[in-house]
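Worksheet: one structure, shown below.
The values are calculated or read from the model by the stated rules, or taken from the named source; none is laboratory data. Since the structure is predicted, the reported quantities are computational estimates derived from the model, not experimental observations. Here Cβ is always computed from backbone atoms with ideal geometry, including for glycine, and neighbour counts include all displayed protein chains.
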Amino acid sequence: MKKNPLLGALPIIAQALGRRLGVEVVIGARDRAETDGRTIHLPPLPAESASLAVLANGYIDHEAAHLRYTDFGRPKPPGWAGYLVNLLEDIRIERALGAAYPGSRRNLAALVARLEAGAPSAPPPDAPVVAQVLGALQALLRARLLGQDALAASAAVLEARLDATLPEGVVVKLLALAFEVRHAASTAEVIALAARIVAMLREEASPPAPAEVPAPAGPPAAADDPAPTGPLTAADDPAPAGSPTTGNDPVPAGSPTTGNAPFGSSAPAAADDPAPAGPPTAAASGSGAGAAIADARAAALAALLEDDAGAAPEVLEVLDVGARAGALLTAGANARPAAAVRLAEYDPSPPNVDPAGAVARARAATARLRRRLGVLVQARREDDAWRADRGRRLDPASLYRPCAGQPVRFARRAAREAPATAVGLLLDRSGSMDSLIALAGQAVLATALALEAISGVACWAAAFPGRRDDRVLPLKAFAESARRVAGRFGGPAGGGTPLAAALWRAGAELARRPEPRRLLVVATDGDPDDVEAARQIIARCRAGGIEVLGLGIGQSLASVRAVFGPDDAAAIATLAELAPALFGMLESRL
């Protein structure tokens, strides 16, 4: 399927995406990508760029999810709970947007893949524990809840790293709580979930209370109790004179300490003797290593909870998908300033001063133009007629045929519907039009009045520039009546001639209309600020199925043709010339 050069343009796609998501997207008014809580702002974008399209679409989806679902009035808790709120809220809103608009899942997955290909977000193995935990949560939740497969590999690595860093059982509890974000329905619930996670971590970090040892059942034996009666054991016998000593008896000087052990064997040390020097046993070694690991994990958990002023903000910047996409989008757009285009935004409508008087002043030209255009459209809609051998209505001109032995002929007719047409009108109100602005305004109003009287024709009108060169003044929306808003067409002139930005706006309005035929008429003096940029958008509009015509006001035909082409331009010096000039251009197009 062939791509529409206008609908496929990046600025128009971005604004269409914003409308679909129910948020306003403004392009070119600011030099960086940012959101002010109500509007998503994008820098001037080139008409075509596959890499910037991925960034722009993903950025719009992510920020639109915040504008739609995040309660910015909820205060964010400080410290670790605040870090978790940022991370978990991103997961919640993207999941909610994906449920409402499934196409956003593809855009966001492509954005994450683009970000990971440029600079992976996984922290290095020697990063602080706060980076390890936040990075692991980000990767695991995005990979397993949002289906962003570009993070699947790092999610597995970071999960294993967490298991080796935090105390046993903590990771299981941490992930179980974090994955409950899939049930959160509001920012308030995310804040509560973050508080539960922090409380769990603090509980795990607290040392356990010492266990109480029960008292013995009987009274303890006194130190001076007499020796028990009964036969003496070998340990109880007093050592005979000259025999080796055992137990706690004093050892005479020079006597051996082997007790009753046979010759050549080593006797076990007495209970109160110090342990002999030598390597520790395997059990003692394992116990010591396990204690060291447990201590290290406990220290990591303590460091995690204490990291309220150090590494976490920097870590969050790396993990913030919206911030990373916005920075790359800004850098990419600013790297190609010559290729950037500006899609003019709307100013408030000008005052509607004396609409009845404005209609009366344009009535003469309106009547003549409306009459000629009406005849033209009616001719286009006349039924096709022909004769046939079969039918339901005899052809009066062939009634003689049976007398001549020829078969009778029937008259056949077929209704021919003229295609519905959407027409856009642009009025140049730049400073160079100062002496001609009254004529130009009346010409555009007369055209709008004539067109809206024709069945199947919808009309839109705007003037440029507005308060700034990247703005336009709305004169008539498609749904408005030209008679009711006629007073808007008489405003003063002033400013430059940003024709290209105005053409981008008009093209965007016409491109999304349902009518199969689209037409754009520009009333101008033929002297735009950037002739080449104007020619490029005119060519793009025409390639996208929009016919663009130039109506020169008080200028030579040559200057208008230089911008719009020799076959799509006309020039008038008085309002009386409007009907024949405009009719000549529209005759083959309506």
Requested in this report: May I ask you to say which residue of Leu146, Leu140, Leu115, Leu177 is assigned to a helix (DSSP H, G or I), in contact with a Lys or Arg (Cβ under 9 Å, 6 or more places away or on another chain) and within 30 Å of Ala50 (Cα to Cα)?
Outcome: Leu115
Report summary line: Conditions (1) small (Gly, Ala, Ser); (2) without any contact (Cβ under 8 Å) to a residue 40 or more places away in the chain; (3) surrounded by fewer than 23 Cβ atoms within 10 Å (Cβ to Cβ); (4) in contact with a Pro (Cβ under 9 Å, 6 or more places away or on another chain) -> Gly565 fails only (4)
Requested in this report: Select from the range 491-533 the residues that are in a loop (DSSP other than H, G, I, E, B) and small (Gly, Ala, Ser) and write down the one among them that is surrounded by the fewest Cβ atoms within 10 Å (Cβ to Cβ).
Outcome: Gly494
Query - Matching residues, the range 447-477, being farther than 22 Å from Met433 by Cβ and under 29 Å from the mean Cα position of the chain (by Cα) - result: Ala477
**Report entry** Number of the exception - Gly584 against (1) in a helix (DSSP H, G or I); (2) touching a residue at least 40 places away in the same chain (Cβ under 8 Å)
**Finding:** (2)
Report summary line: The number of residues in the range 402-422 that are modelled with pLDDT of 70 or more, touching a Lys or Arg at 6+ places or on another chain (Cβ under 9 Å) and either in a helix (DSSP H, G or I) or closer than 30 Å to Leu510 by Cα (or both) is 4
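Output the number of residues of the range 556-588 satisfying the condition of being of a type in the set (A, V, I, L, M, F, W, C) and farther than 19 Å from Arg368 by Cβ.
7
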Query raised in the report: When you scan the range 544-554, how many residues do you find that are crowded, with 21+ Cβ neighbours inside 10 Å and outside any strand (DSSP E or B)?
Result: 0
Query raised in the report: Just one of Ala131, Ala152 is surrounded by 17 or more Cβ atoms within 10 Å (Cβ to Cβ), part of a helix (DSSP H, G or I) and among the small types (Gly, Ala, Ser); which is it?
Result: Ala131
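Across the range 449-475, which residue is modelled with the lowest pLDDT among those that are touching a helix residue (DSSP H, G or I) at 6+ places or on another chain (Cβ under 6 Å) and within 30 Å of Arg30 (Cβ to Cβ)?
Per the stated criteria, the residue is Asp470.
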